[in-house]
Amino acid sequence: MEFLFEILIQYGGELLIQLLIEAAAEIGVHGLSKSLGETFQRPKNPLLATFGFALWGLIAGGLSLWLFPHSPITDPQWRRINLAVTPILAGGAMAVIGSLRRRRGLRLVRLDRFGYAYVFALVMALVRFRWAG
């Protein structure tokens, strides 16, 4: 039972780091879309948008290392599993938030969709996997 609790706390900590940073990024993107208006309403190239969110994930991963230099997950095997699981959970959480925004008639940004949120979270997780010891 103690092992299960330890794993849940470790995964929960890593997932919480990802979700907090991704939520902050979403708030920033929504703020930019309100202030820049039509710039964010024009359709953009999805490949460039994906590259942009990967770049933002890289930056977010670096910032997360500055704030949380050590991963809560210490076992290398579990860190690899986390690398696969956490971006899916974070992308799913952002998709749920996007769905709630859509129901309320609020403006959506690309980070409110699973694919873009997943790319952001995956790159951030890769940075944390590589450098968070």
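The values are calculated or read from the model by the stated rules, or taken from the named source; none is laboratory data. A quick note: this is a predicted structure, and the numbers were derived from the prediction, not measured. Note that we place each Cβ from the backbone using ideal geometry, even for glycine, and neighbour counts take in every protein chain shown. Surface areas here come from the heavy atoms of the whole protein model, side chains and all, with no ligands, DNA or RNA. Shrake-Rupley method; radii C 1.70, N 1.55, O 1.52, S 1.80 Å.
Observations on the model:
- In sequence order, calculated HN-Hα J values of segment 61-78 (Karplus, 6.51, -1.76, 1.60; Hz; x Gly/Pro): x, x, 5, 5, 5, 5, 7, 10, x, 10, 6, x, 9, 9, 6, x, 4, 5
- Helix axis angle, 114-131 relative to the chain longest principal axis, alpha carbon, degrees: 40
- Computed from the C-beta positions of residue 27 and residue 130 and an R0 of 30 Å, the FRET efficiency is 0.70 to the nearest 0.05.
- Burial order of peptide ranges 100-113, 79-92 (average beta-carbon count within 10 Å, highest first): 79-92, 100-113
- The slack between residue 85 and residue 70, meaning 0.36 nm per residue of separation minus the straight C-alpha distance, is 3.5 nm.
- 5 angstrom amide H check on residue 71, placed H, neighbours 5+ away: 133
- Here the extension length gained between residue 20 and residue 55 equals 10.8 nm, from 0.36 nm per residue of separation less the Cα-Cα distance.
- FRET E, pair residue 45, residue 102, Förster distance 30 Å, beta-carbon r, rounded to 0.05: 0.85
- A helix-only calculation puts the chain at -28000 deg cm²/dmol for mean residue ellipticity at 222 nm, using -39500 (n - 2.57) for each DSSP H run of at least four residues, averaged over all residues.
- Accessible carbon and sulfur surface of the chain relative to its total accessible area, %, 1.4 Å: 71
- Choice from 53, 68, 114 showing the highest fluctuation, given a GNM over the chain with Cα pairs closer than 10 Å: 68
- Within the set (i) 17.8, 53; (ii) 19.0, 57; (iii) 15.5, 53, the number that Rg and Dmax of the Cα atoms in Å takes when calculated for this structure is listed as (iii).
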